[in-house]
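To start, the structure itself, in structure tokens.
The values are calculated or read from the model by the stated rules, or taken from the named source; none is laboratory data. The model shown is predicted, which means the values in this text are computed figures rather than measured ones. Positions of Cβ are backbone-derived with ideal geometry, glycine not excepted, and every protein chain shown enters the neighbour counts.
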Amino acid sequence: MEFSIFYLRIFELLGILTYSMCVLHSLRNKKPKSTLLFFATVTIYAWFLEEMGVIFWESYFYNPQFLVFVDKTPLAVTFGWASIIYAVISVAPSLVQDQSIRALLVSIYALFIDLGMDVTAYWFKIDGFGFWEWTKGSHYSLYGVPAFNYLGWFLVVFWFTRFYFWLSNNNWSFRRRMLFGPILSIPVYGISLSMLILGLLIAFLFGVRF
């Protein structure tokens, strides 16, 4: 369905507002240092994984009419990723105590959020393009969105959440956490990517095509 660019601007504005509200919520419930640590780490992580999707995987590209880009990725998308991860992590303490199970549950929660967002963004067309367009097809898809996208979403949220719980509970100083948190988030993406490749390889060996 074709829509006015007005809706794209609304999406960008909501991305910035949601991110700002998450930061304010964190400041009300955590120490400023903890808020800085989390959002520095998750924002770099979110931006990096989107950049890899566009540049390395070349599996999709963004509508060129986004107003603000950081290299190949719209700022609103990075903020959206960070906001979703913050939201699901915020509900984690009310679930279970085991960190691995907690990471699993919040990853499923994030996946359900993405199920609605990705499909909507794909079908909202502005000048012939969705908010983002997939360049690689899939044997299995949900309303035009490849199945491997959802598997990737699950894995990157799971490993980041598990990493964040570990980082939050160790005895490092704040300075050390600020130094290594954002840097270590990149290998965490590498772990997620490796798990995704392994899953696709196993599926391929059993004759399943994504």
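Annotations for the structure displayed:
- Residue list for segment 60-71, filter: surrounded by fewer than 17 Cβ atoms within 10 Å (Cβ to Cβ) and touching a residue at least 60 places away in the same chain (Cβ under 8 Å): PHE61, PRO64, GLN65
- Any hit, segment 167-174, residues being in contact with a helix residue (DSSP H, G or I) (Cβ under 7 Å, 6 or more places away or on another chain) and modelled with pLDDT of 80 or more: no
- When segment 92-106 is filtered for residues that are more than 17 Å from the chain's Cα centre (by Cα) and either β-branched (Val, Ile, Thr) or modelled with pLDDT of 85 or more (or both), the ones remaining, listed by number, are VAL96, ILE101, ARG102.
- Against the test of being touching a helix residue (DSSP H, G or I) at 6+ places or on another chain (Cβ under 6 Å), modelled with pLDDT under 85 and either within 25 Å of PHE165 (Cβ to Cβ) or not in a strand (DSSP E or B) (or both), the options TYR45, TYR109 yield a single qualifying residue, TYR45.
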